[in-house]
Amino acid sequence: MERFTVYLIHKWWEEGDSLRRIGQMLDRDMGQIRQALEQPLTEEETTLLERYRMDRHG
């Protein structure tokens, strides 16, 4: 799984999407989605997610 996909899974999960919905969007099974969520984000990905949170919550 590509790193950007892992990042998107973390982002969508944080936004409240279910494992099932994320799996459907990416055409992946829920086991793959769980594995991606177990992978820690890189420093750069964490920074991107923090910027997204700030933009989203003003």
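Nothing in this text is a laboratory measurement; each read-out follows from the coordinates by a stated rule. The model shown is predicted, which means the values in this text are computed figures rather than measured ones. With ideal geometry, Cβ positions are generated from the backbone for all residues, glycine too; neighbour counts draw on all protein chains shown.
A few comments on the model shown:
- Enumeration of residues in the range 26-38 that are under 18 Å from Leu49 (Cβ atoms), surrounded by 13 or more Cβ atoms within 10 Å (Cβ to Cβ) and out of contact with any His (no Cβ under 9 Å at 6 or more places or on another chain): Leu26, Ile33
- Test: residue in the range 4-19 that is surrounded by 14 or more Cβ atoms within 10 Å (Cβ to Cβ) and over 9 Å from the mean Cα position of the chain (by Cα): yes
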